[in-house]
Amino acid sequence: MPNRVILFVLIIFIGCVKHEKSEDLLPRDARAVFVFHPRTWFEDAFNQPMIDGVGEKALMRVEGRWRNFDFNQATWQLFSLPAAFDEITAMVAMGHNGGVAFRGRRGDEWGWYLESALGESFTLSTIPSNCWPKWCRNRKRLLYYRLAARPMQPGLWIANANGREEKSINTNWRVVGAEWLPNENAFVALVINAAGFCDLLHYSVDRAKADTIATNLDALATRTGITISPDGREVLLSLVGEKAGRPEDRHDPNAARDLDIWAIDIQSHKMRLVVQTPDDDFGPVVAGNQLFWTRNHPEFSAVLLSIHGGEIKSVGDESAQLPYWSTDGKMIAFTYGKWRLADWALNLDAGQIKIDAEGKPISPLTPLIAGFHEDFTPAWSPNGKWLAYHSHRSREPVSQYAGEGATDDIYLRRTAGGPEIRLTDFCWEVGMADWAPDSRRLVFCSWEKGGAPISRPWIVTIDPETGQALTHQRLPLPAPIQNAEIAAWSPLGDEIAVEEASANHHTIWIVKADGSAAEKVVEFSFTSYLSGIDWTPDGKTLVYSALGKSSGADSTLQLFVIDRATKNARQITQEAANLFTPQIAPDGKWIAATRFRQTKEIWRAPFE
């Protein structure tokens with residue numbers, strides 16, 4: 001085992017502290033056994049621990065690195081990759097008697113690797129890498145399901161212990177969770193149905209036809225943890241509620257749609273609530289007659305501070321993030337909506353507030369961009385005529401992120417109102433757009449739909465009268481710049497600042513408007529994928545977010561300014577929370593930014 005470390009993330013053992021919220025429903029003697037604060041925007045939101053069969057240890061990925069938790073010793077360690085492994089992206093326990101399967105890469109071979117009985121070696125299996133395996137308790141048999149199966153195609157397979165297929169099962173719809181029953185001759189599966197909700201099905205190994213336990217469950221539309229009670233009578237899973245809500249509720253920014261832990265009796269189909277709090281409680285696991293689950297508590301707000309640092313003021317909705325200034329500096333737009341796992345990104349809309357000269361809000365939130373999917377903060381054109389924004393526009397409610405009928409592109413709309421204009425039709429995971437001073441060109445970073453997951457900057461030129469796109473051009477960058485996450489025009493319009501991201505290391509470059517003459521400005525440590533950059537109005541200074549100068553686990557993401565000419569950087573904030581996506585006011589006096597603090601907890605209770 002590696003030596004214990006104190007960097008990267010704050011993790012505290014609090015096994016003797018009970019949750020004190022009187023409105024919560026918790027099992028008897030429930031405890032939060034580990035609490036930590038990932039310094040990531042959304043990357044760790046869905047992560048949950050892999051608990052061993054006896055409930056003594058767990059493995060979990062945090063900030064891109066695996067951690068090994070020991071519940072008995074109340075300690076954690078960084079997990080060292082097994083010899084010869086270059087990368088590991090997922091882990092699954094192989095039954096209740098020990099053993100782990102890794103999905104990862106060893107040299108040129110990518111897939112699921114199975115640990116030998118003695119734990120001395122790993123063998124590449126025949127389990128497809130786009131599937132998720134689940135072993136029965138004695139490790140003699142497993143099932144695996146495809147993470148992105150198409151309707152009316154096999155989505156689940158039963159195999160021998162080494163992953164060799166024995167039979168396939170057509171589940172009709174995509175499987176998002178499965179678990180063996182204790183008798184090891186049957187299992188349950190959670191599948192998404194045509195309405196975008198989930199059905200819970202009971203399968204016997206000897207027959208392909210399933211018995212329905214429950215239908216139209218309001219569950220996660222992505223891979224989720226389901227588990228079986230020790231007596232084999234109940235299925236435990238995370239749901240929004242006992243009954244499915246309306247499809248349009250998924251898109252309400254402030255709907256109370258957090259996940260709770262429910263139990264469903266396999267024979268009687270009766271449901272009972274096990275865990276209920278205002279946060280997302282998900283990923284239940286039964287191990288060693290104990291129930292484990294994960295809880296998320298995200299806190300976001302848009303804030304203002306002087307360009308010189310100092311007091312930080314909250315503005316806007318309590319869930320506000322990604323602020324952007326209006327051309328006259330009298331309004332701030334931002335993205336808002338609770339971060340709910342069940343409705344991931346579907347409920348994000350964009351709105352604006354007015355502020356006075358002292359940075360105080362003087363108007364209520366006014367919605368700007370809303371619809372049946374994710375809508376991000378719009379950018380005002382310098383002439384004040386246009387709003388440009390990234391959106392997944394959809395004509396009807398969708399059940400999941402990037403669902404059928406949704407887009408992922410840059411749109412345009414007049415500030416005075418009017419129809420939307422779709423500027424792109426090739427984007428995927430597109431970022432926020434930024435205007436050139438001439439109000440005719442926009443720069444943004446995006447993957448190409450159907451292409452490699454590499455983000456590159458693009459420039460779209462519009463007709464200043466109609467707003468229609470005239471040209472799309474990928475900004476050519478020199479070889480050192482590999483993955484550009486965000487770009488910002490200089491005040492003169494002759495240069496573009498580009499933020500390159502790779503793992504926990506970011507670099508800011510400045511290039512000419514044609515992509516030439518790349519100049520490295522600063523390199524820094526970062527724990528999320530998006531820092532954010534902006535220029536002061538005189539073009540002499542850049543502001544960005546990076547890991548703060550304080551050492552140890554208390555280090556968080558802070559704001560820095562760097563002189564363009566001297567390359568001297570200076571930290572201007574010292575917050576306990578994280579700060580990123582800075583935007584400088586048109587007069588250069590204020591910075592608007594996102595402040596966030598993620599709390600992630602592993603909970604444990606005796607199973608009853």
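The values are calculated or read from the model by the stated rules, or taken from the named source; none is laboratory data. All values reported here derive from a predicted model rather than from experimental measurement. Don't worry about glycine lacking a Cβ; one is built from the backbone with ideal geometry, like all the others, and counts go over all protein chains shown.
Results for (1) hydrophobic (A, V, I, L, M, F, W, C); (2) surrounded by fewer than 16 Cβ atoms within 10 Å (Cβ to Cβ); (3) under 31 Å from the mean Cα position of the chain (by Cα), shown as yes or no for each residue.
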site: THR366; (1), (2), (3): no, yes, yes
site: GLY371; (1), (2), (3): no, no, yes
site: ASN383; (1), (2), (3): no, yes, no
site: LEU387; (1), (2), (3): yes, no, yes
site: ARG413; (1), (2), (3): no, no, yes
site: ILE421; (1), (2), (3): yes, no, yes
site: VAL430; (1), (2), (3): yes, no, yes
site: LEU470; (1), (2), (3): yes, yes, no
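Could you tell me whether segment 90-111 includes any residue that is out of contact with any Leu (no Cβ under 8 Å at 6 or more places or on another chain), of a type in the set (Val, Ile, Thr) and crowded, with 17+ Cβ neighbours inside 10 Å? Yes, segment 90-111 contains at least one residue that is out of contact with any Leu (no Cβ under 8 Å at 6 or more places or on another chain), of a type in the set (Val, Ile, Thr) and crowded, with 17+ Cβ neighbours inside 10 Å.
Do we find that SER80 is out of contact with any strand residue (DSSP E or B) (no Cβ under 6 Å at 6 or more places or on another chain), hydroxyl-bearing (Ser, Thr, Tyr), without any contact (Cβ under 8 Å) to a residue 12 or more places away in the chain and exposed (fewer than 14 other Cβ atoms within 10 Å of the Cβ) in this structure? So SER80 fails the test. Applying the criterion of being of a type in the set (Lys, Arg) and over 15 Å from the mean Cα position of the chain (by Cα) to the residues of segment 19-67, the residue that is surrounded by the fewest Cβ atoms within 10 Å (Cβ to Cβ) is ARG28.
Being at negative phi, touching a Cys at 6+ places or on another chain (Cβ under 9 Å) and part of a loop (DSSP other than H, G, I, E, B) is a property that holds for ALA219. Counting only strands (runs of 3 or more DSSP E) that sit wholly inside segment 290-347, those with at least 2 residues that are more than 26 Å from the chain's Cα centre (by Cα) and at pLDDT 95 or above are 290-306.
Selection over segment 477-494 of residues that are among the β-branched types (Val, Ile, Thr) and part of a loop (DSSP other than H, G, I, E, B) gives a count of 1.
The number of residues in segment 495-536 that are part of a loop (DSSP other than H, G, I, E, B) and either of a type in the set (Lys, Arg) or within 25 Å of GLU575 (Cβ to Cβ) (or both) comes to 10. The single condition among (1) closer than 19 Å to TRP293 by Cβ; (2) in contact with a helix residue (DSSP H, G or I) (Cβ under 7 Å, 6 or more places away or on another chain) that THR222 does not meet is (2).
Please tell me if TRP132 is at pLDDT 90 or above, farther than 30 Å from LEU239 by Cα, part of a strand (DSSP E or B) and of a type in the set (Phe, Trp, Tyr). The answer is no for TRP132.
Every residue, every condition in (1) part of a loop (DSSP other than H, G, I, E, B); (2) surrounded by fewer than 24 Cβ atoms within 10 Å (Cβ to Cβ); (3) out of contact with any helix residue (DSSP H, G or I) (no Cβ under 8 Å at 6 or more places or on another chain), yes or no:
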{"residue": "SER545", "(1), (2), (3)": "no, no, yes"}
{"residue": "ILE562", "(1), (2), (3)": "no, yes, yes"}
{"residue": "LYS567", "(1), (2), (3)": "yes, yes, yes"}
{"residue": "ARG570", "(1), (2), (3)": "no, yes, yes"}
{"residue": "THR573", "(1), (2), (3)": "yes, yes, yes"}
{"residue": "GLN583", "(1), (2), (3)": "no, no, yes"}
{"residue": "PRO586", "(1), (2), (3)": "yes, yes, yes"}
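Among the residues of segment 82-102, are any under 28 Å from LYS167 (Cα atoms), modelled with pLDDT of 90 or more, out of contact with any Lys or Arg (no Cβ under 8 Å at 6 or more places or on another chain) and outside any loop (DSSP other than H, G, I, E, B)? Within segment 82-102, one or more residues are under 28 Å from LYS167 (Cα atoms), modelled with pLDDT of 90 or more, out of contact with any Lys or Arg (no Cβ under 8 Å at 6 or more places or on another chain) and outside any loop (DSSP other than H, G, I, E, B).
For every residue, the table says whether it meets (1) of a type outside the set (A, V, I, L, M, F, W, C); (2) farther than 28 Å from PRO582 by Cβ; (3) not in a loop (DSSP other than H, G, I, E, B).
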site: PRO419; (1), (2), (3): yes, yes, no
site: THR424; (1), (2), (3): yes, no, no
site: VAL430; (1), (2), (3): no, no, no
site: SER439; (1), (2), (3): yes, no, no
site: VAL443; (1), (2), (3): no, no, yes
site: THR471; (1), (2), (3): yes, yes, yes
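Within segment 206-251, count every residue that is under 22 Å from GLN400 (Cβ atoms), touching a Leu at 6+ places or on another chain (Cβ under 9 Å) and polar (S, T, N, Q). Going through segment 206-251 one residue at a time, the tally reaches 5. Taken as a whole, the condition of being of a type in the set (Asp, Glu), exposed (fewer than 12 other Cβ atoms within 10 Å of the Cβ) and under 30 Å from ALA416 (Cα atoms) does not apply to ASP534.
Here segment 163-181 is the region considered, the condition is being at pLDDT 85 or above and outside any strand (DSSP E or B), and the residue that is farthest from ALA194 (Cα to Cα) is LEU181.
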